[in-house]
Amino acid sequence: QVQLVESGGDLVQPGGSLRLSCAASGSIIRIYTMGWYRQAPGKQRELVAAITTTGSTNYADSVKGRFTIARDRAKNTAYLQMNSLKPEDTAVYYCNADVGSYRGFTTHRDDYWGQGTQVTVSS
């Protein structure tokens, strides 16, 4: 069993900054890829940023140059530094992780999601 818990969402002014955290816990063997997704009202969930085990990153065009994803492998934690926030960044942000874990005497690799954290950018 693996759990992801996000934190750091808040109400901020346009141009402000936030740092989101995602902590993974449970019977983890290895986390392969971690990422941040967001979903605005009436819109589909979209990938914001992702990071692999080697540190390779991928960003949505809309956040390049403003957001930075990082991870602490020892702590099974991912971060999303969000700068120069815009109203269109308003959404619920979800952490996602591709995780290998123990299930009894076997192992399994699966995708997990956090509960989401609200980010609101408004003046």
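Loop-located trypsin sites (Lys or Arg not before Pro) in segment 41-85 (DSSP state not H, G, I, E or B) with no more than 11 neighbouring Cβ atoms inside 10 Å: Lys43, Lys64, Lys75. Keeping the other protein chains in place, figure out the carbon and sulfur percent of the accessible area of the chain, with a 1.4 Å probe. Carbon-and-sulfur percentage of accessible area, whole number: 47. In a reduced charge model with +1 at each Lys and Arg Cβ and -1 at each Asp and Glu Cβ, segment 55-123 shows a dipole moment near 220 debye about its Cα centre. Take the chain with all the other protein chains still there, run a 1.4 Å probe, and you get 54 Å² of accessible area per residue. Taken along its three principal axes, the alpha carbon spread of the chain comes to 53, 27, 23 Å, from the longest extent down to the shortest.
Packing-based ranking of 46-54, 7-15 yields 46-54, 7-15, ordered from highest to lowest mean Cβ neighbour count within 10 Å. About the centre of its Cα atoms, segment 10-89 shows a dipole size close to 200 debye [charges on the beta carbon of Lys, Arg (+1) and Asp, Glu (-1) only; nearest 20 debye]. Here the label points at Asp72 and Arg45, each 7 Å from Cα along the C-beta direction, are separated by 2.6 nm in the simple model. Backbone N atoms of segment 31-70 closer than 15 Å to the 7 Å Cα→Cβ label point of Asn83 belong to residues 63-70.
The values are calculated or read from the model by the stated rules, or taken from the named source; none is laboratory data. These numbers were taken from a predicted model, which means no experiment stands behind them. With ideal geometry, Cβ positions are generated from the backbone for all residues, glycine too; neighbour counts draw on all protein chains shown. Side chains are part of the model used for accessible areas, which takes the heavy atoms of the whole protein and leaves out ligands, DNA and RNA. Shrake-Rupley method; radii C 1.70, N 1.55, O 1.52, S 1.80 Å.
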